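Attaching a single structure in structure tokens format; questions to follow.
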């Protein structure tokens, strides 16, 4: 399906509306360039993202998943990002257990004023997923 | 009872902002604009600094809102002829010139302009291109109605001669019998937002302007860059249409110049304007591009400006500290040769393809005439006279002024003043609020829940912002192939009024029940499009945006194919997401009509008084035992008005006002609730509910340390500016024994640790030096500075200081002044770049102009109201250009030093602006509350209680009888923590459920 030279990963990014999505917009208005591999899904809060959603994204064919929320203490919804942090701490153990490579799923804090950091995170995540190659472990194949 | 309506004169960004703030807080507004459309100078700009936002894109929603606002009576082609009466009850006569095209009939099809045989210079494009005698000034014009120019129309000149437009107009809208109309308007107050004129450099022979075709002004270049301009956004030079690669900007053309026919003041905006153009031009360029800016002092004194300047230098914009002697014809064809003297004193010649003159801002002629008619005082530069303590009040009560008509200033400052003027104009009419207004009624919403989805997709070119990278047509064609998409089209500007109106018709005609707009960010434009859905009888939640500009075309500039693929995915994801959405209720919350103001400095007190004088109760919280904040330490303003008497008067007003509850030695401990109904717990045990909050928590002075210490707190003769102010306030020191004083500027500012300019210190230091010179004319004074930033009319005191013999010596970060001490005597070593040598000074007094920094604890305070802070620790407003006093969190506003360093007049204006914005909420009985709330599927719920634990708002509880969770939608904020936490998939967030989100994710891979 893909050959290694032209293969480009597709990465789903769940961004919270208040910080990280705004940070992504700021990257845009500031024209910070980053790789076009990312597909952003706006969610109210990083705490809205469940493990199930991440697994579903991988199942649908995502080569990587990024979840980004407000910095600790800055959550628009008081404590949503703390729940997210705890949830993904646990969840990464599960990913490890089912054999998903570390680095497929990333978590970051990006505020509304961090356009440059957003571009940097996307670059880093894209590079990391590229090195891992296409995600195959969870992809549902209809044959 | 005063009148409940206000006259706003001038339809630029300031007038539009004032009109919207007034109309949204309960007043009928007559907005008088002299041209055919509102938008003013801002609409002519391509991009705006420091965010590089597309100017038309951020302005357009405001213009559209203004154009269709029920309580704004828009009078274009109109002039104020006379004004009689007194504050609270004026009679204004407005004369409206004929448009010759009936706006009620015109459908803006453009056939009249197409067929019109008469070509004339297009003044909107500053004469760079031609338009017809029948014309529309720009594509997003509001009102979007053509007009006929009577000075050029063949028929109007010689009736019976042409009439081509009459023949082609399908709407029968041409009316050559149209006549002048007089409107007699009864209003309570007046806001003047008269704008400025760009300085005309024709008389400055050394620039070559008018003689050499490739010498143009910054405003002209802006039209060259603009996607709606004559070159469709392609950078071309006038003589041959070739893309220039060596471009020079000449600063201070017409400004800071006491010779010639120029202006002595600084025009404030041109430095950033030029840097922005250099950065944007570099972006437009296809090959090598070398921009050079020739300047005297680089004045990047606003929020985010110094960062922008530093970034421009890194990205290869060349900065030359030189005033260009002359622009001569170059050796290559149509090129230009600049002659200037460099910093080493050598005469240099350099060749350029194009030269851009940073022409200043001046008061326009109409302002002068109108001021005469209204008997308003003008200042010596012909700007409308105001004073530091009343920054938006004119000399005539009931008439207020905002924007560049009062002094050259940038867009955020104009917007701030516009809101402040709205505050003043509305405050005096408060009893008549909602007396003359009408309430907007939406058409009955169509019930779509049983319908099969019929999705319409609108893909935006955004001028060339999107279409120069993304293949917009192929995205549109792709959208048509997606499930349930029954309609797709592209638009030049989806947010322009004609497209909006057309969208309403399309929704109705095509029977659409879901809409996707693929354009910019929902953060800026979703409200506009949602309003459009409501106008078309659709529930506003049946909408989704695909962000193919900010998150696609702007960030993948060099990868058009990948960007187009991504745009298709994003549109597909939006379609998938909107497909599963349903109509939601419009929840509201009852407004508690009182305000909380945090911070008892000048900003907080001004805001508190603004509320109280409109009869809204206020709680003012001050953490110390004294009101006044930093203003307690200030001696006088740059206009030489003493601060302490005004401060004392303000404090007295606060203490005497029964509407204001002042709480000293008090802090905020906890905040709950949201706009309309916050609940706040204070440290003194008191708790209150309030509808809005203003953060005016101030800033603090940097304490000189490390290499910036300069013997501070070691030698008794070293002081900060504020300490000198204190001596002057106390009146103890006469400085008669001080033979020599040295000021060091930028102590702790504009360095990597604090990379911002503190804005006020140049002016403050120079004013202090002048005061010292007044007290002791024999004193020798030396100012060691990096750039003198006496922006606007503050430049006058810089000139005064030089005239008084105060010596200015520049330093840079490679040659910092050094301070040593010998027998208690201070020795200053510094490098003089003009003589290129070191000099030694022996001052009796060393004064440090120290940085202003955010308060250490303002970050903690901001958390209570979920307000963002920027990278430097200042509070971050919702939008740096157009929402300078709002936070992204509704119902919370900001003013003063916590936003950015600023002088007293700007803090006062900003505090009034914050109160004006908050008054919009307080003047309503109810405001919209969260509609996207959580919902329990009781059949699936196992009663485990995780949702109850994770909810930060106590909105979820257990129904003990049935052992299922239940949601109190009044408390739910729609974060979705409970949904993610639910183990049995019983909890969902309306329209943001797993089904909608996962449909979007899956769509990315189909």
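Throughout, read-outs are computed from the coordinates displayed, never taken from laboratory work. Worth saying up front: this structure is predicted, and the values here are computed from it rather than measured. In this analysis, Cβ positions are derived from the backbone assuming ideal geometry, glycine residues included, and neighbour counts consider all displayed protein chains.
Just how far, in whole angstrom, is region B:593-623 from region B:1-79 if you go by their alpha carbon centroids?
Between the Cα centres of region B:1-79 and region B:593-623 lies a distance of 28 Å.
Sticking with this structure for a sec: Using alpha carbons only, how many angstrom separate the centre of region B:944-988 from the centre of region A:44-99?
Their Cα centres are 19 Å away from one another.
How far, in nm, would the chain grow between residue B:1 and residue B:562 when pulled straight, counting 0.36 nm per residue and subtracting the alpha carbon separation?
Full extension of this stretch gives 195.6 nm more.
Please express the Cα-Cα pair-distance distribution P(r) of region B:427-507 as a list of whole percents, one per 5 Å bin, running from 0 to the bin with the greatest distance.
3, 12, 16, 15, 14, 10, 8, 7, 6, 5, 3, 0
How high is the relative contact order of chain B, in percent, with contacts defined as C-alpha pairs under 8 Å that are six or more residues apart? Walk me through the numbers before you get to the answer.
Numbers: 2312 pairs, mean separation 112.0, N = 1006.
Once divided by the residue count of chain B, the mean separation gives 11 percent.
Direction-averaged shadow area of the convex hull around the Cα atoms of chain A, nm²?
Details: hull surface 34.0 nm².
Directional mean of the projected Cα hull area for chain A stands at 8.5 nm².
Another question about this same structure. Write down Rg/Rh for region B:862-925, rounded to two decimals, with Rg from the C-alpha atoms and Rh from the Kirkwood relation over Cα pairs.
Taking Rg over the Kirkwood Rh, I get 0.96.
Using only the Cα atoms of region B:706-852, what are the Rg and Dmax in Å?
For region B:706-852, the Cα-based Rg and Dmax read 14.3, 43 Å.
Just want the ordering: B:428, B:235, from fewest to most Cβ atoms lying within 10 Å of their own Cβ.
Starting with the residue having the fewest Cβ neighbours, the order is B:428, B:235.
If you average over every viewing direction, what projected area does the convex hull of the Cα atoms of region B:507-565 give, in nm²? Walk me through the numbers on the way to the answer.
Numbers: hull surface 18.2 nm².
Dividing the Cα hull surface by four gives the mean projection, 4.5 nm².
Now, a different point. Could you give the C-alpha radius of gyration of region B:455-579 expressed as a fraction of 2.2 N^0.38 Å, taking N as the number of residues it contains? Each step should come with its number before you reach the end.
Numbers: Rg = 13.1 Å, N = 125, 2.2 N^0.38 = 13.8 Å.
Compared with the compact-globule rule of thumb, region B:455-579 sits at 0.95.
Averaged across A:44-55, how many Cβ atoms of other chains sit within 10 Å of each residue's Cβ atom?
Mean inter-chain Cβ contacts per residue within 10 Å come to 6.
Suppose only helical runs count, i.e. DSSP H with n ≥ 4. What mean residue ellipticity at 222 nm does that imply for chain B under -39500 (n - 2.57) per run, divided by all residues and rounded to the nearest 500 deg cm²/dmol?
The helix-only estimate for chain B comes to -8000 deg cm²/dmol at 222 nm.
Let me ask another. Note down the relative contact order for region B:706-852 as a percent, whole number, built from C-alpha pairs under 8 angstrom at least six residues apart.
Across region B:706-852, relative contact order equals 34 percent.
Between residue B:508 and residue B:346, what's the calculated FRET efficiency when r is the beta-carbon distance and R0 is 45 Å? Round to 0.05.
FRET efficiency, residue B:508 to residue B:346: 0.05.
A further question on this structure: For B:863, B:365, what ranking results if the residue with the fewest other Cβ atoms within 10 Å of its Cβ goes first?
B:365, B:863
Report, to two decimal places, the Cα Rg of region B:339-417 normalised by 2.2 N^0.38 Å (N = number of residues).
Details: Rg = 18.8 Å, N = 79, 2.2 N^0.38 = 11.6 Å.
With N residues counted in region B:339-417, Rg over 2.2 N^0.38 Å equals 1.62.
Give the Rg/Rh ratio for chain B, taking Rg as the radius of gyration of the Cα atoms and Rh as the Kirkwood radius, to two decimals. Before the final figure, lay out each step's value.
Details: Rg = 29.8 Å, Rh = 30.7 Å.
Reported Rg/Rh (Cα atoms, Kirkwood Rh): 0.97.
Let me ask something else. How well do other chains shield peptide B:964-977, expressed as the mean number of their Cβ atoms within 10 Å of each residue Cβ?
Partner Cβ neighbours, averaged per residue: 4.
Based on the Kirkwood radius over alpha-carbon pairs, what is the Stokes-Einstein translational diffusion coefficient of region B:38-106 at 4 °C with 1.567 mPa s viscosity, in µm²/s?
In µm²/s, the coefficient rounds to 86.
Based on the alpha carbons, how large is the Rg to Rh ratio for region B:934-989 when Rh follows Kirkwood?
Dividing the radius of gyration by the Kirkwood radius yields 0.90.
Same structure, new question: Starting from the Kirkwood radius over alpha-carbon pairs of region B:1-69, derive D by Stokes-Einstein at 4 °C in a medium of 1.567 mPa s and give it in µm² s⁻¹.
Diffusion coefficient, whole number: 102 µm²/s.
Give me P(r) over region B:512-654, computed from all C-alpha to C-alpha distances, binned every 10 Å, as integer percentages.
Pairs per bin, as whole percents: 10, 23, 15, 14, 20, 16, 2.
Please report the orientation-averaged projected area of region B:103-175, defined via the convex hull of its C-alpha atoms, in nm².
For the Cα atoms of region B:103-175, the hull's average projected area reads 4.6 nm².
Shifting gears a bit: What whole-number volume per residue, in cubic angstrom, does the convex hull of the C-alpha atoms of region B:199-361 give?
Values: hull volume 19.0 nm³, N = 163.
Dividing the Cα hull volume of region B:199-361 by its residue count gives 117 Å³.
Hey, another quick one. Which log10 I(q)/I(0) values, to two decimals, does region B:662-710 give at q = 0.18, 0.20 Å⁻¹ under the Debye formula with one point per Cα?
Here log10 of I(q) over I(0) equals -0.65, -0.74.
May I ask for the distance between the Cα centers of region B:241-308 and region B:630-692, given as a whole number of Å?
After rounding, the separation between the Cα centres reads 41 Å.
With a Förster radius of 35 Å, plug the Cβ-Cβ distance of residue B:730 and residue B:705 into 1/(1 + (r/R0)^6) and report the FRET value to the nearest 0.05.
0.85
Here's another thing I want to ask about it. With N residues in region B:289-370, what two-decimal value do you get for its Cα radius of gyration over 2.2 N^0.38 Å?
Working: Rg = 16.2 Å, N = 82, 2.2 N^0.38 = 11.7 Å.
Output field value: 1.38.
A follow-up question, please. Residue by residue through A:109-119, how many Cβ atoms from other chains fall within 10 Å of the Cβ on average?
Numbers: counts 0, 0, 5, 7, 8, 2, 3, 2, 1, 2, 1.
So the per-residue partner count for this stretch is 3.
Estimate the FRET efficiency between residue B:93 and residue B:652 by the formula 1/(1 + (r/R0)^6), using the beta-carbon distance for r and 30 Å for R0, to the nearest 0.05.
Here the calculated transfer efficiency is 0.15.
Give the relative contact order (percent, whole number) for region B:272-354; include only Cα pairs under 8 Å separated by 6+ residues. Present the calculation step by step, with values, prior to reporting the outcome.
On the way: 114 pairs, mean separation 18.3, N = 83.
Computed over region B:272-354, the figure is 22 percent.
Quick one: give the max-minus-min coordinate of the C-alpha atoms of the protein assembly as shown along each principal axis, largest first, in Å.
Largest first, the protein assembly as shown extends 92, 84, 72 Å along its Cα principal axes.
Which of A:131, A:59, A:42 moves most in a GNM of chain A, Cα contacts under 10 Å?
Result for chain A, Cα springs under 10 Å: A:131 fluctuates most.
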